[in-house]
1. To one decimal in nm, how far is residue C:127 from the same spot in the other copies, if labels go 7 Å from Cα toward Cβ? Please give the shortest first.
2. Residue B:114 label point, 7 Å along Cα→Cβ, cut-off 19 Å on backbone N: hits in region A:29-59?
3. Counting only the heavy atoms of the protein chains, how much of residue B:50 is accessible to a 1.4 Å probe, in Å² to the nearest 10?
4. Using a simple spin-label model with points 7 Å from Cα along the Cα→Cβ vector, what separation in nm is obtained for residue A:13 and residue B:58?
5. Within chain B, what is the longest stretch that has no trypsin sites (Lys or Arg not before Pro) placed in a DSSP loop and near at most 13 other beta-carbon atoms within 10 Å?
6. Pairing the Cα long axis of helix B:170-188 with the longest principal axis of chain B, what angle in degrees results, from 0 to 90 and rounded to the nearest 10?
7. Evaluate peptide C:164-171: per residue, the Cβ atoms of other protein chains within 10 Å of its Cβ; return the mean as an integer.
8. What total accessible surface area, summed over both chains, is buried at the interface between chains B and A, computed with a 1.4 Å probe and given in Å² to the nearest 100?
4 protein chains.
Amino acid sequence: MRAPGQLRADAQRNRELIIDTAREVFAEQGPGATMDEVARLAGVGAGTLYRHFPDRDSLIHAVLADALERMIALAQKAREEETWAWDALSRFVRGCAGLRLDLLISVAGAQVHRVAGTPEINEGRVRLLEVLDQIVSAAHDEGALRTDVGTGDVMGVVGLLVRGLPTLPAALGDELRERAVRLVLAGMRAHPAPSPPEQPLTAEELTRRFSAERES
Amino acid sequence: MRAPGQLRADAQRNRELIIDTAREVFAEQGPGATMDEVARLAGVGAGTLYRHFPDRDSLIHAVLADALERMIALAQKAREEETWAWDALSRFVRGCAGLRLDLLISVAGAQVHRVAGTPEINEGRVRLLEVLDQIVSAAHDEGALRTDVGTGDVMGVVGLLVRGLPTLPAALGDELRERAVRLVLAGMRAHPAPSPPEQPLTAEELTRRFSAERES
Amino acid sequence: MRAPGQLRADAQRNRELIIDTAREVFAEQGPGATMDEVARLAGVGAGTLYRHFPDRDSLIHAVLADALERMIALAQKAREEETWAWDALSRFVRGCAGLRLDLLISVAGAQVHRVAGTPEINEGRVRLLEVLDQIVSAAHDEGALRTDVGTGDVMGVVGLLVRGLPTLPAALGDELRERAVRLVLAGMRAHPAPSPPEQPLTAEELTRRFSAERES
Amino acid sequence: MRAPGQLRADAQRNRELIIDTAREVFAEQGPGATMDEVARLAGVGAGTLYRHFPDRDSLIHAVLADALERMIALAQKAREEETWAWDALSRFVRGCAGLRLDLLISVAGAQVHRVAGTPEINEGRVRLLEVLDQIVSAAHDEGALRTDVGTGDVMGVVGLLVRGLPTLPAALGDELRERAVRLVLAGMRAHPAPSPPEQPLTAEELTRRFSAERES
DNA sequence: AATGAATGAGGATTCATTCAT
DNA sequence: CATGAATGAATCCTCATTCAT
């Protein structure tokens, strides 16, 4: 009865653990991952998962909201720490790729309204756009960002690039995304600085690596 | 005797009909779409669907293989009909977005090996890379394509861009992808022609359209 | 139009072919065997099978009726060709084991009334009992058959012995049945002739053969 | 506090309940009985059945393994409680008929390897043969069992006799099996004691009872 | 009359969610 | 408050039967 109140932080700990686990599970197993699998890998019982998130949509919503906060934090940190707005923009776009947001791919149809149409998500998106807007405006002022590229374009590009290439071996997929990010950034640049020439990724190399990594 | 032939139950016709329907259904409803729904929208019984594709993986594989053929045809047509390789490349990248390949994004985990690891798919990928390689090489020769952008990069970019943005209203998602394609193409250009200034997509506009289209 | 009437016997040929195939398929694959499998192994289309037997019960009924006729023929032949009634009885019991009637095991519950309750089957059973009755009576008169063993007992024993031991390797199952038949016949004998001593089938031998034949 | 304990949801209890129910259902309705029917008659949901037995084969395997244990217990009890080995043997053979093992007869083809080829079953069979071997040896020593009848013969005979005669009314089928067991035991006897004369089961009586019980 | 593709009702199985312990 | 067994609606898939060719 007179519990000394020591396991009070546990619930919050569990909540975060479940969200982190769910993001990984959805990223790796795709949208077909089951609630039981999430609970099992999080090391909790199914009942505990459902205590925190009353249904599947609720869990997905939490993962999305959490990801949105991470993106906001990423943008804020980039804006604060980078001297040049272009570098902040570049850092943000590159950073988003590390969020394991492949979950986005599992959201479709009517589910979108249920999990991504809440006030919390909408408000988060507004906050993210606000921060990005500051970066984009500053980048325009710097003359580094093409004037016909707006904040909305940045969001669109990020939305496309954060997701992986699940049909490819993980390492190859990550590198292709890395390179695609560079191409997009180059396309956004007002007067692209003559980027130091790199090696192109040839078809032969792609095929070679595809086969090589499939072996491992 | 001279039956007007109105009920021709053609198995091959059915097979193609099912694949086309499945691509649309998966693109619209996500990977959670039921087999019965695919069958219903294709106008056939569940048994017919399963006669052609013994299980769900088999159907997904067929959709992927069919999509690969479409991409190959798209690349070949672009190469043959465009005078400049750069235009062919641009046409290919833009064209892929119209293939409704959102299905690609729902394949993950062990399923990848089952549906995208067959000889048929591997051989198709090789053929696609061959055609693309010719276009990329010619674009290099034209001096239009950055020398550090290879065929593999094109494939990676296409893989990322063909997919939709399911969390956004369809029309908005399509436009964002359109614009992202233009950015990528700009980034690939060796000496980007001074593109006629357009309007940037601002955060305000993005938010406005997001809300507006969600209403409809 | 003026068909010379040459493929008239084909239908009857097909009918017998299907019955024979069905008996084998049910004996080997158990009651779970599908109609398609029967049709395939019989080398006909599903439509042909259904032309002869409008539904599954109809096919099973035909197999049972056919088997009954075979048993009757077996009993008549034994009665006519054997000098001693005991030998005829013995021959009949042994012979039934070769009819592959494992199908009987798949008939249960309400299905029994549908497939084994027809006038044709009932009439066939009466005819079989008549023939057996003659043999049994004669065997009683010979003094070879225990007086407390009647025709009904013979039928019961046959019903139990005609079926195989599906959980054992085929050859071992057949031999066990062979030996069981001998034991039953010995038990029926009024004053059992001192049967030439054989080797008993020991547990070691049973285990050895079970393992050995499972390998092949 | 001192709850009278009336709703104890015990998983182990459920497991045994399901096995018992399945044995009865398969015995009565044949192998075509549905899983839902088993669950319904066991008073549990389909999900509970599948939690305990992931598929149909798993359930059948459990029923077989359980039946094997019952046979072993039957043999051990008979050996311990009977003074004469012959009586133990007789008791075992008669007792097996009461195990409702008709399920055995529905297992065929590839299913045999899946449900009866596990180490658990194999080890159980070995244990059963060991106990039976002791009884058979002792019966040989008593001079009661024919020397050419081994443990393997006993198993074969039991395997054939435990099953019912599904095409006959239940009561008639049971009696026929009863009588067949007596015949087999008589056949196994070294010097059969002059069994008190009983009434033979005549063809007329068989037909009469067949019709009579079909009415009820 | 034969064929085999199409049908769809029904049975097997899964998994989101609930609830007794 | 955690646990994991139980639930049963929903889905996948099969196969007996029909029907267009």
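1. Copy-to-copy label distances at residue C:127, shortest first: 5.2, 6.4, 9.0 nm.
2. A:29-38
3. 100 Å²
4. According to this spin-label approximation, the distance is 5.0 nm.
5. Numbers: sites that count: B:2, B:8.
Of all site-free stretches, the longest is B:9-216.
6. On a 0 to 90 degree scale, this one is about 50.
7. Values: counts 4, 7, 10, 14, 5, 1, 0, 0.
Partner-chain Cβ atoms within 10 Å, mean over residues of C:164-171: 5.
8. On the way: alone 12740 and 12660 Å², together 20750 Å².
Chain pair B/A: roughly 4600 Å² of buried accessible area.
The values are calculated or read from the model by the stated rules, or taken from the named source; none is laboratory data. Being a predicted model, the structure only gives us computed values, none of them experimental. Here Cβ is always computed from backbone atoms with ideal geometry, including for glycine, and neighbour counts include all displayed protein chains. Accessible surface is based on the protein model in full, side chains and every heavy atom, while ligands, DNA and RNA are left aside. Shrake-Rupley method; radii C 1.70, N 1.55, O 1.52, S 1.80 Å.
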